[in-house]
Every structure is written in structure tokens, then in C-alpha cells.
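Comments concern the structure below.
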Amino acid sequence: MVLILRNMYYVYHYLNQDLKDPRTEHFPLMASPVPVLLLLMLYNLFVQWWGPLLMADRKPFNLDKLMIVYNLFQVIASAFIFVEGFRLGWGRDYNYLCQPVDWSDTPHNRKIVFIVYLYFCLKITDLLDTIFFVIRKKFSQVSFLHIYHHTMMVVLGWSGVKWLPGGHDTFIGWVNSLVHMVMYSYYLVTTLRPEYKGNLWWKKYITQLQMVQFLVFILHSVVLLLVPDCGYPRFTAGVFIPQNTFMFILFYDFYRKAYFNKKSTK
């Protein structure tokens, strides 16, 4: 038992200390995975059990004003990350086929690292989506797809900041920020004008856009495997290809049920 515990400590120390990027260790929540794991545990407990029990005999909360502020914040923050990602890397000198991490501690690279960290922070604020669903008693929205997606984005976001804050896979966060900017714009419009909810012609195209992004992410990871001597860790493709394939399947299943089944019942 002592040997097992010692080996577990060595593995933890190796992952959390030896492999860390020292440029990010001073950021909040980055010194250890424990706070983020606790946060995700509380999030899952609340949205799946505590929240529904708490709201069982209560009326839904009216969060219209809060939702306007929240959605506007998400649009602005996502737009900022997308523009900065373009300005600092993907519209500048980043190679779309293969982009290693630049480990040099220059002012430019510190800006890239900070934008990667901001993206991770935005994945944490995304968790409020589910909490708002629960306290507004929109339990049908609290699906496995929704919870899994938000949970994994926090995990992957933290991992990127901890070990690879820059390079090839920042493409995922860059494109995802654009998709979220569009998505939260839709939420903002329907919050400001509830009569538009379900009637905006671009609603279903947002889901299509989300599915397309996962296909693009898969292709982007496959390209990494085909480029020799890239300098970016190829094992990440073994994480992102299955993850984005699974997400595409989940989103396609949602799209099929939401739109194909509706057509067949008309």
C-alpha cells in the first residue's frame, strides 16, 4: 500500500510540477487540479441532484435581466478571445498544419498564454448555463450532452493552460470562441425579444455550425499525425480525435431529434 501511494505521489508530482508550464503557475486555479476537480464535482452534484431537489417545490426564478447581462458578457468575451487569437497567432504566423508551442518567455508569448487562460476561465463561466437552467426549472435542457460537454471543456481547458498554453490545439479554442459568439448572440436576442424564440431562421444553423466545428477539429488533429517532425505532442490527437468524434455524434443525435423528427411528425 505504501508503495502504491508513493508511486501515485510521484505521478502526481511529475504531472503537476515537472511537466507544468511555469508561465501559468501563478494564475488562479492553476497550481493544482484539486480546486477545479472540486468545482466540477459540486457543479455535477448541483445540476443533477441538489438543484432539482431544491427547486422541486419552488417556482422558477425569473432571471431575464441577469440573462441579458450574462449573454452579453459571453458574446463580448468570446469575441475578444477570437480577435486576440487571430491577432496574436492564427492570423499572424501560426501554421495551420503544424504549430509547436513557443516556450520562450517573451511579451508576445505571455499574451498568448494569457489568452489561453482567459479561454479556460470562460469555460468555467459557461457552467452557469446549466445552473440557470436548473433554477429556471428548464430541466429538459439539462441533458447528458450539455453536462458532459461543459465538464469536459473545463478539464481540457485547464489541461491546455497547465501543459500546452499555445501552439496547435489553441486552434480549437479559437474556433470555438467564434461559435460561442454566434450562439450567445442568439441567446441574447431571444432574451431581449422572447417572441423570437424558436422562430429565428438561424437557430438550427447554430447546431449545424457546432457539428461542423467538431469535424474541423478532427481534421486538424489528423493533420498533426501526418506532418513529420512537427514538434507538437502527437498524443494530443489521441485525446481530441475521440473526444470531438463523440461530441459530433452527441450533437448530431440532438439535431436529428430536434429537427428531423419534427419534420416527420408534420
task = Could you identify the single residue in Y255, Y205 that is open to solvent by less than 60 Å² (accessible area, probe 1.4 Å), farther than 25 Å from Y94 by Cα, free of Cβ contacts under 8 Å to residues at least 60 places away in the same chain and not polar (S, T, N, Q)?
result = Y255
request  = Give me the pairs, please: first residue somewhere in segment 155-182 and over 16 Å from Q213 (Cβ atoms), second residue anywhere and in a loop (DSSP other than H, G, I, E, B) and of a type in the set (D, E), beta-carbon distance under 7 Å, and either six or more positions apart or on two chains.
outcome  = G160/D169; K162/D21; W163/D21; P165/D21; G166/D102
inquiry  = Under 7 Å between Cβ atoms, which residue pairs at least 6 apart in sequence (or on different chains) link something in segment 20-40 that is under 9 Å from K162 (Cα atoms) with a partner that is polar (S, T, N, Q) and part of a loop (DSSP other than H, G, I, E, B)?
reply    = M30/T24
message = Looking only at segment 101-122, filter to residues that are among the hydroxyl-bearing types (S, T, Y) and under 21 Å from H180 (Cα atoms); which one of those is surrounded by the fewest Cβ atoms within 10 Å (Cβ to Cβ)?
response = Y117
query = What number goes with the only condition from (1) within 15 Å of the chain's Cα centre (by Cα); (2) in contact (Cβ under 8 Å) with a residue 40 or more places away in the chain that L97 does not pass?
reply = (1)
note = Selection from segment 100-149 of residues in a helix (DSSP H, G or I) and small (G, A, S) yields S140
key: Residues located in segment 33-62, provided they are modelled with pLDDT under 95 and among the hydroxyl-bearing types (S, T, Y)   = none
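May I ask you to say which residue of H168, H220 is modelled with pLDDT of 95 or more, part of a loop (DSSP other than H, G, I, E, B), open to solvent by less than 20 Å² (accessible area, probe 1.4 Å) and touching a helix residue (DSSP H, G or I) at 6+ places or on another chain (Cβ under 9 Å)?
Working: H220 fails: part of a loop (DSSP other than H, G, I, E, B).
Residue meeting the stated conditions: H168.
Have a look at M41, M67 and point out the one that is within 20 Å of the chain's Cα centre (by Cα) and open to solvent by less than 80 Å² (accessible area, probe 1.4 Å).
The unique qualifying residue is M67.
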inquiry  = If a residue must be surrounded by 18 or more Cβ atoms within 10 Å (Cβ to Cβ) and either under 28 Å from K203 (Cβ atoms) or charged (D, E, K, R) (or both), how many such residues does segment 223-242 contain?
reply    = 1
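Consider segment 152-189. How many of its residues are among the small types (G, A, S) and more than 16 Å from F235 (Cα to Cα)? Walk me through it before giving the result.
Step one: list which residues in segment 152-189 are among the small types (G, A, S), which gives 157, 159-160, 166-167, 173, 177, 185.
Now drop any that are not more than 16 Å from F235 (Cα to Cα), which leaves 157, 173, 177, 185.
Going through segment 152-189 one residue at a time, the tally reaches 4.
Would you mind stating whether I76 is outside any loop (DSSP other than H, G, I, E, B), open to solvent by 50 Å² or more (accessible area, probe 1.4 Å), closer than 25 Å to T191 by Cα and not acidic (D, E)?
Numbers: outside any loop (DSSP other than H, G, I, E, B): yes; open to solvent by 50 Å² or more (accessible area, probe 1.4 Å): yes; closer than 25 Å to T191 by Cα: yes; not acidic (D, E): yes.
Here the answer is yes, as I76 does meet what is asked.
Say whether the condition of being of a type outside the set (A, V, I, L, M, F, W, C), at pLDDT 95 or above, touching a Lys or Arg at 6+ places or on another chain (Cβ under 8 Å) and not in a helix (DSSP H, G or I) is met by at least one residue in segment 151-160. If you could, list the steps in order and put the result at the bottom.
Taking segment 151-160 as the starting set, the residues that turn out to be of a type outside the set (A, V, I, L, M, F, W, C) are 151, 157, 159-160.
Of the ones still in play, those that are also at pLDDT 95 or above are 151, 157, 159-160.
Cutting the leftovers down to touching a Lys or Arg at 6+ places or on another chain (Cβ under 8 Å) gives us 157.
Now drop any that are not not in a helix (DSSP H, G or I), which leaves none.
No, segment 151-160 has no match at all.
The values are calculated or read from the model by the stated rules, or taken from the named source; none is laboratory data. The model shown is predicted, which means the values in this text are computed figures rather than measured ones. All Cβ positions, even for glycine, are placed from backbone atoms using ideal geometry, and neighbour counts span all protein chains on display. What goes into the accessible areas is simple: the full protein's heavy atoms, side chains included, and nothing from ligands, DNA or RNA. Shrake-Rupley method; radii C 1.70, N 1.55, O 1.52, S 1.80 Å.
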